[in-house]
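Heads up, the thing below is written out as structure tokens.
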Amino acid sequence: MGSNKRERRGQSGIIGMVILIGLVLTGAMLVLMTGSTVIDELQQDRADTSSQVVMEGIDSELSTLTSSEYSTRDRFSLGELRRNDAWLVRDGYLNVTVNRNGTCATEISLSSIRYENDDGETVAYEAGGVWVGNDGGSAIQTPPDVKYRNGSLDVSVTNLTGDVSADTNRAFYNATTSKRESTARSQQVITGTCARPDNVTVTVQSDFYRGWSAHLEAELGTETQVHSSNRTVVAYLNQSQLPRRVDDSRNDVINTSDAAYMEDVEIEGNTIRVTKNASNDYRVYVESLSKNRVDIGQVRRIENAQNVTGPPLDVVFVVDESGSMSWDANPSKSGCQSQRSTAGCESKRNAVRDAIRNFVGDLNESKDRVGLVGFYQRADDNAQYYRTDGRYFIDRFTAFNSTVGRTDARGGTFGNAGLRDANRVVHLKSNQTRERVVVFLSDGENNDDHVWIDGDRYTLNEASEYRAERAAEMDVTIHAIGFGDRSYIDEPLLKSVSGSTGGQYYLADNASRLDDVFEDIVTRISSTKQIARMPTSTSLQTGSDRTYAPQIAGDTDGIAVNTTDGTRYLNVNDPTAPTLFSHAFALSDNESLSFNASTYDCAEWRGTGIARSHNGSTYQVTRCTNMTTQDVSIGSDDATVFRDGDDMSSFFSGDDPAWWQENITDAIDSRSDVQLNTTSNVVHMKSNQALVVLDYPDGTNSTNRLALLYQVGLAESEARPEGVINIRVNNVEVDS
């Protein structure tokens, strides 16, 4: 080692005796505490004691200098080294590598101040430690600043540049570059792809490599590999020697994606399982993805719903006036089998008049209106408007009932004209603030004829279907009735006409049945269309048969509940609930978790006071206040799971919610912890999260989906590796 000696000699003032004694004692204690012993043939007491004390003094002075938060200058002395030379050497390095990955490594040059005594031994200050060595080996006098405590590796290296002499030396500590380099080197080994430390390798190349080997084995508690050929020593720490928070096999960190380093998290169908075999308990939290509401249900009519009032009605009766309407309405009644109404029997025309009057009696004269159109084969192809007091719609029902008595029975069937003129009445005299209904009654088939509409030729059946489609565009609902002998009625046409508008088709083969049909229709239309929120509840079940029902914070006394096997399942789809529902519990390691949901039958519906408007119409939101038996079970076949980085394009292509429902993209936008790339449709979330979408039975023009956000254990971002490896580089320039 003497070959590195430089031809410079110097002297300096004597360091105070008290300081020398203190430093000697301190050095002796450090040697004793670290357990450093003689290496190979080198004996500690062979080193020049005064030179050791000088190097320890340099360590103290430079430590004081570099502990400042700001750049600063100071002086230090090499003491009385008499005739011998002192010089600065920049040779060797200290390397820290994470996961045996070259991109997760930092290598720091080692610099040392050295002195060779008369015995040919070199005493040096390197990396905060004092070393002594010769051609036979090296030993520690005081340990370097490479420490390992509670799983944290702390490395501090003073990077010396310039020249030293035996005389007083000037030192400049550059705090700015030191902080910048220290931060960069620390981040290099614990960020990005290096953020999950699985192992750490420390490699030192130095003339004092055998002394370094002794120190690393004592400090890290692990054997080292010594390579004399290139003067290096290598120490390795596996993950079990690192803090538990960065040990994937022992901590609570979960990555639900296909992470190569965490293959012990499985998601299949509606089941999640964590198999770390570490006896961990993982906190599970499940909540609705939406921060606003749950929107499962459909627009429908609910009879006898409490606290629900409908919009005003405009009802147009479109009545067949063909000659067959004079036939008996009750052919099964004794003496009424004739195709012509006879004494004591009732004609179909009169039965319809009575049924209409009964129907009107169930309407609300303060807000509802009625109109009447009759149709038969006329020379001008028109239908008959029956106006009351000159009005197409009238809210004075007694007067209207008199008008009903003017209907006749003559000619053939011409349903197209009746539907066309009903549309005209609605278009000219109604508006979208009112619910508009057509009750279309026919006892036969359209004549074998054709009409022209906008230059195109249509059969009468095709024309009738065309008029029904136009009615649907105006948000008119047509309920169709086939009255009389089924063999005479064109049921496919009547079903098509009603079905295209969302209405119902009825068959009434006698007068009594006709009254029932009209009663059913008036019940339907007087019970307004509502947004009925389907009663539903969720359930989480573990592999150990533990079941967890949803929780709703706040007062839930008014929320419907179903009790099954002693577990209370709240209606999570109640719009009046004080908060959205959630599940929270602990899941044991190696235990599966399945998520399910169910819909329930409802025995009582109630209005909420919440209303939604669409295209000029107002719809009240109703909720179930008494859910009874389980109806539909939502399980693994109905579940879709998305994880961080998944492409949701195919899912969004089928996401077609109703106008009153919140879609999945809006639900994602309501959150800060889930993001969606609107260009690629790739979803991003925390490593321990999964987006689970349950598909419910769809309603009329509604897509029913419940999107849940699952969190299991800790996210990688919550178990950061900061503090596991801390590297500090102190840049000091010296000159004489």
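Any read-out appearing in this document is the output of simple, stated calculations on the displayed coordinates, not a laboratory observation. Since the structure is predicted, the reported quantities are computational estimates derived from the model, not experimental observations. So basically every Cβ, Gly included, is an ideal-geometry build from the backbone, and we count neighbours across all protein chains shown.
Rounded to the nearest 0.05, what FRET efficiency do Ser71 and Asp154 have when you use their Cβ-Cβ distance and R0 = 25 Å? With R0 = 25 Å, the Cβ-Cβ based efficiency is 0.65.
Among DSSP beta bridges whose residues both lie in the chain, state the antiparallel percentage, nearest 5. Looking only at bridges with both residues in the chain, the antiparallel portion is about 75 percent.
Only Lys, Arg, Asp and Glu carry charge here, each on its Cβ (+1 for the first two, -1 for the last two); on that basis the stretch 312-526 has a dipole of about 620 debye about its Cα centre. Averaging the sequence gap over all C-alpha pairs within less than 8 Å and six or more residues apart, then dividing by the number of residues, gives the stretch 312-526 a relative contact order of 23 percent. Rounded to the nearest 10 degrees, the inclination of helix 415-429 to the longest alpha-carbon principal axis of the chain is 60 degrees. Distance between the modelled labels on Asp656 and Ala472, one decimal in nanometres: 1.3 nm (7 Å Cα→Cβ projection). Computed extension length for Ser366-Arg671: 105.1 nm, one decimal, from 0.36 nm per residue of separation with the Cα-Cα distance subtracted.
Highest-first packing order for the peptide set 640-648, 345-353 is 345-353, 640-648, based on the mean count of other beta carbon atoms within 10 Å. Contact order, relative form, for the chain: 16 percent (alpha carbon pairs under 8 Å, 6 or more residues apart, mean separation divided by residue count). Spread over its residues, the convex hull of the C-alpha atoms of the stretch 422-534 is 125 Å³ per residue. Remark: the stretch 706-712, residue by residue, has Karplus-estimated 3J(HN,Hα) of 10, 9, 10, 10, 9, 10, 10 Hz, where x stands for each Gly or Pro and the curve is 6.51 cos²θ - 1.76 cosθ + 1.60 at θ = phi - 60°. Toward the positive end of the charge dipole of the chain, with +1 on the Cβ of Lys and Arg and -1 on the Cβ of Asp and Glu, the farthest Cα among Thr640, Val437, Thr275 is that of Val437.
Each label was represented as a point 7 Å from its Cα along the Cα-to-Cβ direction; for Arg378 and Thr576 these points are 5.1 nm apart. Entry for the chain at q = 0.09, 0.10, 0.11 Å⁻¹: log10 I(q)/I(0) = -0.90, -1.00, -1.09, Debye formula applied to identical alpha-carbon scatterers, no solvent contribution. Its Cα centre serving as origin, the stretch 106-261 has a Cβ charge dipole (Lys and Arg +1, Asp and Glu -1) of approximately 680 debye.
Among 711-717, 203-209, 673-679, 555-561, the peptide with the highest mean count of other Cβ atoms within 10 Å heads the list, and the full ranking is 203-209, 711-717, 555-561, 673-679.
Name the residue from Asn238, Val202, Ser165 whose Cα lies farthest towards the positive end of the charge dipole of the stretch 162-263, charges +1 on Cβ of Lys and Arg and -1 on Cβ of Asp and Glu. Comparing the listed Cα positions along the dipole, Ser165 ranks first. Please report the antiparallel percentage of DSSP beta bridges with both residues in the stretch 312-526, rounded to the nearest 5. Antiparallel: roughly 30 percent of the beta bridges in the stretch 312-526. Between the residues Gly405, Cys345, Ser496, the greatest Cα displacement towards the positive end of the dipole of the stretch 312-526, with unit charges on the Cβ of Lys, Arg, Asp and Glu, is found for Gly405.
Legend: ranking of residues Ser592, Ser240, Ser77 from fewest to most surrounding C-beta atoms inside 10 Å; resulting order Ser240, Ser592, Ser77. Panel order for Tyr70, Tyr710, Tyr385, by other beta carbons found within 10 Å of each beta carbon, from fewest to most: Tyr70, Tyr385, Tyr710. Basic side chains Lys and Arg get +1 at the Cβ, acidic Asp and Glu get -1 at the Cβ, and with that the dipole of the chain about its Cα centre reaches some 1920 debye.
In terms of other Cβ atoms within 10 Å, Arg114, Arg231, Arg720 run from fewest to most in the order Arg720, Arg231, Arg114.
Approximating the spin labels as points 7 Å out from Cα along Cα→Cβ, the Asp145-to-Thr193 distance works out to 3.2 nm. Highest-first packing order for the peptide set 429-436, 194-201 is 194-201, 429-436, based on the mean count of other beta carbon atoms within 10 Å. Between helix 49-66 and the chain there is an angle of about 30 degrees, using the helix long axis and the longest principal axis of the Cα atoms.
Here the stretch 312-526 is treated as an ellipsoid with the same Cα gyration tensor; its semi-axes, largest first and in whole Å, are 24, 22, 16. The angle between the Cα long axis of helix 460-473 and the main principal axis of the chain comes to about 50°, on a 0 to 90 degree scale. In a fully extended conformation the segment linking Ala603 and Ser487 would gain 37.8 nm over its present Cα-Cα distance, using 0.36 nm per residue.
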